[in-house]
Amino acid sequence: MSGPADPVKRMIAYLEAKDVVQAAGHIHDDFQFSGFGSDPLNKEQFLSLMKHLFQAFPDWSYHPRELKAEGDAVHFKTQVTGTHTGMLTALDPGMTPIGASGKAIALPQDQVECTVRDGKVGTMKVTSPADGGIPGILKQIGVSK
């Protein structure tokens, strides 16, 4: 028997494997992502952001832990790490591409809350500390924003 945490676990596992196509199968069509320093994103925008981050940080990892399901909500913690070895693009409209710096990033721990609807992830809200998210990535690779 599957529970509400299953689609979240599958989505995160596929994202950890850098497989956005398979991850998309566990994301609701009217998915909304918020937090991490970006405007609310729909499913397509979120998957595009992930593709760009995976290109820039091929070893990107969320390090998900402490996953707890409560009704239709699933809470867990992440701590993103990676090494900037590829071109970083498309974080913001009109962003100038940032060439590989070779720098490792280790963001502070995020709190994540997902809701599950119709057996798929309907929302994902990431709460990042001030030195986390997109601004934290840019700072750690030496780009001032």
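When you check GLY102 against the structure, is it open to solvent by less than 60 Å² (accessible area, probe 1.4 Å), free of Cβ contacts under 8 Å to residues at least 24 places away in the same chain and more than 25 Å from LYS9 (Cα to Cα), yes or no? Yes, satisfied. If the condition is being open to solvent by less than 50 Å² (accessible area, probe 1.4 Å), in a strand (DSSP E or B) and free of Cβ contacts under 8 Å to residues at least 60 places away in the same chain, then the stretch 113-145 contributes only THR115. Scanning the stretch 1-46 for residues that are under 14 Å from ASP118 (Cβ atoms) and among the acidic types (Asp, Glu) returns ASP6, ASP29, ASP30.
Looking only at residues of the stretch 45-62 that are out of contact with any helix residue (DSSP H, G or I) (no Cβ under 9 Å at 6 or more places or on another chain) and without any contact (Cβ under 8 Å) to a residue 40 or more places away in the chain, we find that the one that is surrounded by the fewest Cβ atoms within 10 Å (Cβ to Cβ) is ASP59.
Only one of THR96, THR78 is among the β-branched types (Val, Ile, Thr) and either modelled with pLDDT of 95 or more or surrounded by 14 or more Cβ atoms within 10 Å (Cβ to Cβ) (or both). Can you tell me which?
Values: THR96 fails: either modelled with pLDDT of 95 or more or surrounded by 14 or more Cβ atoms within 10 Å (Cβ to Cβ) (or both).
Result of the check over THR96, THR78: THR78.
Yes or no: PHE36 closer than 15 Å to ILE12 by Cα and either among the aromatic types (Phe, Trp, Tyr) or open to solvent by 50 Å² or more (accessible area, probe 1.4 Å) (or both)?
Numbers: closer than 15 Å to ILE12 by Cα: no; either among the aromatic types (Phe, Trp, Tyr) or open to solvent by 50 Å² or more (accessible area, probe 1.4 Å) (or both): yes.
So PHE36 fails the test.
Pairs meeting the criteria (first residue in the stretch 71-96 and within 15 Å of PHE36 (Cβ to Cβ), second residue surrounded by 15 or more Cβ atoms within 10 Å (Cβ to Cβ) and of a type in the set (Asp, Glu), beta carbons under 6 Å, at least 6 apart or on different chains) are THR78/ASP110.
Of the candidates ASP39, ASP30, the single residue that is of a type in the set (Asp, Glu) and out of contact with any strand residue (DSSP E or B) (no Cβ under 9 Å at 6 or more places or on another chain) is ASP39. For GLY71, the criteria (1) open to solvent by 20 Å² or more (accessible area, probe 1.4 Å); (2) farther than 18 Å from VAL112 by Cβ hold in every case but one, which is (2).
The values are calculated or read from the model by the stated rules, or taken from the named source; none is laboratory data. Since the structure is predicted, the reported quantities are computational estimates derived from the model, not experimental observations. Note that each Cβ is placed from the backbone with ideal geometry, even for glycine, and that neighbours are counted across all protein chains shown. Side chains are part of the model used for accessible areas, which takes the heavy atoms of the whole protein and leaves out ligands, DNA and RNA. Shrake-Rupley method; radii C 1.70, N 1.55, O 1.52, S 1.80 Å.
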